[in-house]
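For reference, the structure is listed below as structure tokens.
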Amino acid sequence: MANFLKNFVGTKSSETAVPSADSDFADFADAPSPTPVAFDSAGATLGSPGATATPFTKWYNVHERHSLSEFKAEGAILLAMVLVFTLHFFGTRLNKAKAKAWAKAHTPILASEFSLVGFGGVPQSDVSPDSIFKQKSLFEFSTYATGRQNVAFTDVKLTLKKRFNPLMTFVETASGFFFESFAVPQDIAEAITYPFDGREAAIVPAMPGAAELRTKDTKSTYDGFVWAIVNKENMKKLREDRYDLSITFTKDTTKLPNYLTVMSESAEITDTLLTNDLITAVQKAGDLFEYLIISDQPIDKPTKIDETTPRKRMYLKYRLPSDNNYDMLSPLFNVFLRFPDHLAASAHFRAEVLRKVRSVRDELVKTIQKNDEENKAEERALERDKARKAKRDAELSSMDAKTQKKFLEKEREKQMRKQSKRQTMRA
Amino acid sequence: MFGLSPQIENLVIILGTMQIAKKIPFDDPNVLNMCRALYIVSNLIIAGLYLYVQMKINKNKDMTTLKYVEPAPMGSAEEPKLVTTTIHAYDSAQVKTSFRSQMMGVAMMAGMHLYMKYTNPLIIQSIIPLKTALESNLVKIHVLGHPASGDLKRPFKAAAGLMGGLQQGTPQSDKKAVEAAERAGRGGAKEE
């Protein structure tokens, strides 16, 4: 401040400044009272009306005081922003195009199998592939179809790579390489079918005239079991992640190519379900196929009794081809959608087979029951101890000093006797 | 080499190089840079070896099913776990593990050398990992062309090191053990 003022008033003030006794405070003592100077001497810098020849000095000319080179950081930020936004724009476009390609290939199949496709809520005669997907996020698309014999509804979910964020994709890929717990990002289609399994009456809303229709086709029930065709590359992870697959045998069959295997609970089930249609469709899908699972057990291992009630589901998962050509994959999807018919028609097994299947489930129920009982017994024992202690404390507090002493002594003796007994028993 | 187990050989090499390392004048920047170059070259050779093995594995793509029972880790009450995989996936996982452990070693070494300024381990660390890599089962099978039988039969046995007594048991692949564990329903257990 003092310096500025000095400059402002010219050099004279510094000359006139009298050094005070305390030299540290010299500036503050003298600066606020500069000696008045003649107006003419400062006239040039103040820009008096008389000196209009140079109306703009460096003080006012921004372009003379600053240059673009001072804004390098801002430039870099702007450039990065442009890059991020373009990547985002093109990435989302790519993901949308990918989902649309899937929809284009599969909408006819879905529309021919289901009366309602997409989230419109009203069955339409011709469904456009543009409208079937609901975009959950920039990389997740889902659709839904309902209104079919034997099937309550089918969910389809596409999970794509995060193309709009290459940095994240790179980090995820790298961490997928170093840690097994991180999944490498891939373009994936997952479909889950929820078969009626004979519970049409409970699920379908009642409509006039629907009851008569229903009485004819109550044969949508089929036996509960777990059965799967799995790509061998992932069978280790699947077995670890899913409870339902971990109660099956893994057995290669000669009917399938060597990169696929069957997980089944019984050979008879495999014979019934491994139809020629399915084999050709799966073979056609090739390496992109991940799994087809027919299950009546939960994915997470049940810890409570009511979690063990069988819920029948069908799962299909495959990777999306990079060239968006679904000629090889749509037959698989078609077979998957029609498979509930096959299940309802022929998945009924001999009592011996089912006994084997059921024994595993019963065993789990039994272990859960046992665990529950043990927990309860422990709780009860804890409560009993607590009650006993409370009773003793109450008794103790109601006694006078002498009896208290006696009581404590007695207690100690009892404990001693108990301990010595235990020791002799051990010896 | 001399009919000794690899562990003893390693021990001899470590002790030997430690003596030699004492004599090396690390103060000379030329010598220091040469040691660094040696370390880097050795690691590049190892990386190349593993990449080559991975390439071979992918080329063979042996999709034979491999089932074995993984013993429960020490001190846990869990039952042994069945692993169902393929030879291709098993080998890939093994290469990944060794690659990862080598990367860990390099990171450790970088910390020791650049931050704590230790130079001696550079020499040991450019010999031992290379030797381990060359002696690893996968290199024996895929590079040196040994048949995958006997000691090289998958699943590989954990190397019986000096800590052998403390380590977990070896994986079992006999039919009886596999069948006992196959339908145990271990999957999907929620971990808290």
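The values are calculated or read from the model by the stated rules, or taken from the named source; none is laboratory data. This is a predicted model, so every value here is computed, not measured. Positions of Cβ are backbone-derived with ideal geometry, glycine not excepted, and every protein chain shown enters the neighbour counts. Just the protein is used for accessible areas: all its heavy atoms, side chains included, with ligands, DNA and RNA removed. Shrake-Rupley method; radii C 1.70, N 1.55, O 1.52, S 1.80 Å.
Observations on the structure shown:
- For A:K356 and A:A80, the difference between the fully extended length at 0.36 nm per residue and the C-alpha to C-alpha distance is 93.1 nm.
- Charged-residue dipole, Cβ positions (Lys, Arg, Asp, Glu), segment A:53-192 about Cα centre, Debye nearest 20: 260
- Pairs of Cα atoms farther than 28 Å apart, segment A:271-414, %: 55
- The H on the amide N of B:K81, modeled in the peptide plane, is under 5 Å from the matching H of B:E70, B:A72, each at least 5 residues off or on a different chain.
- Volume of the Cα convex hull of segment A:320-380, divided per residue and given in Å³: 174
- Here the Debye sum runs over all C-alpha atoms of segment A:340-419 as equal scatterers in vacuum, and log10 of I(q)/I(0) at q = 0.14, 0.15 Å⁻¹ comes out as -0.75, -0.80.
- Ratio of the Cα radius of gyration of segment B:44-91 to 2.2 N^0.38 Å, where N counts its residues: 1.58
- Share of pairwise Cα-Cα distances greater than 18 Å in segment A:189-334 is 62 percent (whole percent).
- Signed unit charges on C-beta, dipole axis of segment A:290-365, positive-most listed residue A:L320, A:S330, A:S346: A:S346
- Mean projected area of the Cα convex hull of segment A:114-273, taken over all directions, amounts to 13.1 nm².
- Within segment A:316-383, trypsin sites (Lys or Arg not before Pro) in DSSP loop having at most 11 other beta-carbon neighbours inside 10 Å: A:R350
- The calculated FRET efficiency for the pair B:Y118 and B:D174, based on their C-beta separation and a Förster distance of 56 Å, comes to about 0.75.
- Segment A:69-135 shape via C-alpha gyration tensor axes, a/c threshold 1.5: prolate
- Cα-Cα over 28 Å, subset of A:K301/A:K389; A:K251/A:K312; A:K301/B:K61: A:K301/A:K389; A:K301/B:K61
- The stretch between A:K237 and A:R65 holds 55.4 nm of extra length on full extension. This uses 0.36 nm per residue minus the Cα-Cα distance.
- Dipole magnitude for segment A:268-427: computed about the Cα centre from +1 point charges on Lys and Arg Cβ and -1 point charges on Asp and Glu Cβ, it is near 1920 debye.
- B:M108 accessible area, assembled protein chains, probe 1.4 Å, Å²: 130
- A:E265 long-range amide H proximity, modeled H, under 5 Å: A:V226, A:F249
- Debye-sum result for chain B in log10 I(q)/I(0), which assumes one identical scatterer on each alpha carbon, at q = 0.09 Å⁻¹: -0.45
- For segment A:216-277: rounded, prolate or oblate by the Cα gyration tensor [a/c cutoff 1.5]: oblate
- If you plug the beta carbon distance of B:M103 and B:L144 into 1/(1 + (r/R0)^6) with R0 = 22 Å, you get a FRET efficiency near 0.40.
- Cα-based helix-to-principal-axis angle, B:6-23 vs chain B, degrees rounded to 10: 20
- For residues of A:237-250, the mean tally of beta carbons on other chains within 10 Å: 5
- Candidates B:Y39, B:Q125, B:N10 compared by Cα position along the dipole of chain B: farthest toward the positive end lies B:Y39, with charges placed on Cβ.
- Computed P(r) (all Cα pairs; segment A:59-104; 5 Å bins; percent): 5, 18, 12, 13, 10, 10, 8, 7, 6, 4, 4, 3, 1, 0
- Estimated [θ] at 222 nm from DSSP helical runs (n ≥ 4, -39500 (n - 2.57)) normalised by residues in chain B, nearest 500: -18000 deg cm²/dmol
- Sequence-distant residues sharing a close amide H with A:A152 (under 5 Å, placed H): A:Y194, A:F196
- Taking a ≥ b ≥ c as the square roots of the eigenvalues of the alpha-carbon gyration tensor, segment A:105-192 is classed prolate because a/c is 1.5 or more and a/b outweighs b/c.
- Unsatisfied cross-links (Cα-Cα over 27 Å) in the set A:K236/A:K284; A:K100/B:K59; A:K134/A:K219: A:K100/B:K59; A:K134/A:K219
- Applying a DSSP loop filter and a limit of 12 other Cβ atoms within 10 Å to the chymotrypsin sites (Phe, Trp or Tyr not before Pro) in segment B:1-63 leaves B:F2.
- Residue among B:G105, B:G16, B:G150 with the largest mean-square fluctuation in a Gaussian network model of chain B, springs linking Cα atoms under 10 Å: B:G150
- Annotation: aspartates and glutamates with alpha-carbon distance below 15 angstrom to A:K366 (same-chain offsets under eight excluded): A:D306, A:E307, A:E374.
- Test item: Cα-centred dipole of chain B, Lys/Arg +1 and Asp/Glu -1 on Cβ, debye: 340
- Estimated distance in nm for a label pair at A:Q369 and A:K72, the labels positioned 7 Å out from Cα along Cα-to-Cβ: 7.8
- Take the Kirkwood radius over Cα pairs of segment A:300-344, plug it into Stokes-Einstein at 25 °C and 0.890 mPa s, and you get 182 µm²/s for translational diffusion.
- Debye log10 I(q)/I(0) for segment B:3-68, one point scatterer per Cα, at q = 0.20 Å⁻¹: -0.97
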